[in-house]
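I have placed the structure first, in the form of structure tokens, so that the comments after it can refer back to it.
The values are calculated or read from the model by the stated rules, or taken from the named source; none is laboratory data. No experiment lies behind these values; they were computed from the predicted model shown. Cβ placement follows ideal geometry from the backbone for every residue including glycine, while neighbour counts extend to all protein chains displayed.
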Amino acid sequence: MTDTAANPLRAGLRLERTPTPSVLVIFGASGDLTKRKLLPALWALCEDRSLPPGFSVVGIARTPMSHEQFRQQLRDTTAADKTVDPSVLDNFLQGLYYHSGSIDDPNMYISLKALLEQIDKERGTEGNRAFYCSTSPSFFPKIVEQLGRAGLVTPNATGSGWTRIVVEKPFGRDLASAKELNQTVLKVFDEKQVYRIDHYLGKETVQNLLVLRFANTIWETNWNRQYIDNVQITVAESLGVEQRGPYYEEAGLVRDMIANHMLQLLTLVAMEPPVAFDADAVRDEKVKVLRAVRPFSDGRLKTDMVRGQYAPGFIDAGKVAGYRQEAKVSPTSNTESYAAVKFFIDNWRWEDVPFFLRSGKRLPKRVSEIAIQFKPVPHRLFQDSTADVLAIRIQPDEGMTLQFDAKVPGQSMRERPVLMDFRYGTSFDVAPADAYERLLLDVLLGDSTLFARRDEVEAAWTIIDPILRYWNSTPAQEFPNYDAGTWGPDAADDLLGGQHRRWRRP
Ligand SMILES: NC(=O)c1ccc[n+]([C@@H]2O[C@H](COP(=O)([O-])OP(=O)(O)OC[C@H]3O[C@@H](n4cnc5c(N)ncnc54)[C@H](OP(=O)(O)O)[C@@H]3O)[C@@H](O)[C@H]2O)c1
């Protein structure tokens with residue numbers, strides 16, 4: 001008996017989450033994301049029996065490659081895994097095709113159409129297609145326009161095979177470009193066919209935040225300005241910019257992390273309970289939060305944010321270069337590799353509760369967490385009592401920790417903070433799946449709950465634009481202002497603005 005047969009609930013869930021036969025077309029198939037994330041995620045879904053029969057992938061890029069060479073990328077990735085069933089892998093690889101050509105070339109789309117029709121006939125994929133833009137963002141509009149021109153986009157809900165488009169981040173580089181991209185995409189696709197991906201939303205812990213808040217009663221009474229002093233969201237990386245100097249010089253940390261991933265986390269912490277767990281209900285609530293974020297007035301641009309750029313330093317006892325010494329980075333670069341920003345959400349629940357978001361490269365460790373810092377008790381009976389903290393670890397070691405005071409055993413009435421710890425690995429005995437697995441499956445299922453909607457993206461850029469404009473117009477004289485391997489510039493400590501507030505050292 002298989003495990004699904006033994007467990008009807010699991011069997012039911014599995015059936016519920018099996019998509020219709022389809023083809024995923026990946027633009028940028030010779031790139032880093034396809035190799036490291038997309039193909040392994042699809043393979044994991046196949047191993048988990050979550051993919052439909054006949055499921056196929058067509059990879060597109062200019063690099064000349066045979067179908068077999070394209071398949072070999074996945075063979076290499078899985079080579080060391082002793083649990084792989086070779087016959088299942090071979091079967092999966094038979095559904096992988098490579099189509100060499102340039103995104104700019106209209107003829108490429110004509111031959112792509114012919115290949116997709118052939119796959120429909122041979123593998124029963126019924127004209128169902130998801131197009132994944134895994135290229136530099138400058139190609140996104142071209143891909144969309146050419147797909148439309150080549151007649152590769154079926155209108156939504158015609159019943160003649162579905163078409164969806166997945167757009168990687170960054171979705172625009174400011175409000176104007178995001179609006180322009182939205183207009184281009186929505187000339188060809190219906191909003192319901194568009195999946196703007198933010199892989200943070202595919203992470204188990206991030207989804208668990210919704211379960212934590214909305215499947216348990218204990219938090220709701222405390223989850224507001226009466227009991228919460230501040231919220232700290234940290235996304236720290238110990239790596240520098242690696243080979244991505246040119247991209248980073250254009251983007252900077254605020255565009256790369258805060259405008260998307262971190263604002264997404266903020267909305268999930270702050271949103272009101274949606275009426276249902278469906279795409280529009282959840283996203284309606286997230287958009288309300290973004291619209292309630294207090295705009296950055298001129299005064300707050302000077303006081304409520306700190307930028308940084310790393311100088312040479314040490315990570316794990318090894319010497320590392322400063323940002324300006326990295327490959328393909330200007331020696332006088334003004335790009336920020338660190339930012340800390342104080343947000344306020346002007347609504348009934350959160351008025352005057354600061355949300356501190358910080359992120360940086362070359363910090364001491366790679367860690368992402370959301371820390372809900374509760375207020376201290378109103379009247380201190382015990383000298384050493386500390387404020388409680390709920391820390392939600394997004395990576396690594398996914399889980400959450402509640403820190404509260406307990407009595408130290410002994411005759412005196414002394415207390416100190418102790419931890420109640422929940423770890424995904426220990427509690428469920430499985431490692432959380434990679435975010436791309438969940439999100440790719442959702443695309444194939446037509447579930448856009450965990451993808452950003454048009455108004456959400458534009459609301460986020462409306463918040464971020466003034467920061468970018470201000471920093472752009474006032475070059476940072478103080479750069480570099482933190483050593484690699486430290487927790488960022490000293491000025492970030494002042495941002496918390498209170499004796500009792502400190503950044504957590506996760
Ligand atoms: N890598 C990551 O970890 C990561 C994480 C999150 C988001 N993203 C986003 O995912 C996207 C892809 O990132 P990546 O790191 O995979 O980039 P990448 O390694 O630079 O890959 C870019 C891909 O685009 C293809 N390409 C470039 N010009 C082309 C053209 N004219 N016609 C057809 N194909 C063309 C390249 O193939 P050829 O040169 O062979 O044509 C290559 O396959 C970006 O939007 C990035 O921001 C990446």
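Structure above, values below:
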{"item": "Residue list for the range 31-76, restricted to those being of a type in the set (Ser, Thr, Tyr) and in contact with a Lys or Arg (Cβ under 7 Å, 6 or more places away or on another chain)", "result": "50, 56"}
{"item": "Complete set of residues in the range 174-198 that are surrounded by fewer than 20 Cβ atoms within 10 Å (Cβ to Cβ) and either β-branched (Val, Ile, Thr) or modelled with pLDDT under 95 (or both)", "result": "184"}
{"item": "Residue under evaluation residue 101, criteria (1) within 16 Å of the ligand (Cβ to nearest atom); (2) under 25 Å from the mean Cα position of the chain (by Cα), criterion not met", "result": "(2)"}
{"item": "Residue within the range 278-293 that is in contact with a Gly (Cβ under 8 Å, 6 or more places away or on another chain), more than 16 Å from the ligand (Cβ to nearest atom) and among the small types (Gly, Ala, Ser) present", "result": "no"}
{"item": "Residue within the range 129-137 that is assigned by TED's automatic domain parsing to the domain that holds residue 28, more than 16 Å from the ligand (Cβ to nearest atom), over 30 Å from the mean Cα position of the chain (by Cα) and not small (Gly, Ala, Ser) present", "result": "no"}
{"item": "Every residue from the range 49-72 that is out of contact with any helix residue (DSSP H, G or I) (no Cβ under 8 Å at 6 or more places or on another chain) and either without any contact (Cβ under 8 Å) to a residue 60 or more places away in the chain or within 15 Å of the ligand (Cβ to nearest atom) (or both)", "result": "61, 62, 63, 64, 65, 66, 67, 68, 69, 70, 72"}
{"item": "Residue 401 being at pLDDT 95 or above and polar (S, T, N, Q)", "result": "yes"}
{"item": "Evaluation of residue 95 against (1) modelled with pLDDT under 95; (2) away from the ligand (no atom under 14 Å from the Cβ) (one fails), failing number", "result": "(1)"}
{"item": "Qualifying residue in the range 215-229 (condition: in contact (Cβ under 8 Å) with a residue 60 or more places away in the chain, more than 16 Å from the ligand (Cβ to nearest atom) and aliphatic (A, V, I, L, M))", "result": "yes"}
{"item": "Matching residues, the range 104-128, being within 14 Å of residue 27 (Cβ to Cβ), within 13 Å of the ligand (Cβ to nearest atom) and in contact (Cβ under 8 Å) with a residue 24 or more places away in the chain", "result": "104, 108, 109, 112"}
{"item": "Set 196, 244, 255, 173: member being free of Cβ contacts under 8 Å to residues at least 12 places away in the same chain and within 16 Å of the ligand (Cβ to nearest atom)", "result": "244"}
{"item": "Residues of the range 59-72 that turn out to be buried (at least 20 other Cβ atoms within 10 Å of the Cβ) and part of a helix (DSSP H, G or I), as a count", "result": "2"}
{"item": "Residue 236 among the small types (Gly, Ala, Ser), modelled with pLDDT of 95 or more and buried (at least 23 other Cβ atoms within 10 Å of the Cβ)", "result": "no"}
{"item": "Positions within the range 25-48 being under 18 Å from residue 128 (Cα atoms) and within 8 Å of the ligand (Cβ to nearest atom), in sequence order", "result": "27"}
{"item": "From 163, 205, residue being more than 27 Å from residue 461 (Cα to Cα), crowded, with 19+ Cβ neighbours inside 10 Å and away from the ligand (no atom under 13 Å from the Cβ)", "result": "163"}
{"item": "Pair list, Cβ < 6 Å and 6+ apart or interchain, from the range 17-36 residues that are under 11 Å from residue 54 (Cα atoms) to residues that are within 6 Å of the ligand (Cβ to nearest atom)", "result": "none"}
{"item": "Check on residue 75, assigned to a strand (DSSP E or B) and either touching a helix residue (DSSP H, G or I) at 6+ places or on another chain (Cβ under 8 Å) or modelled with pLDDT of 95 or more (or both)", "result": "no"}
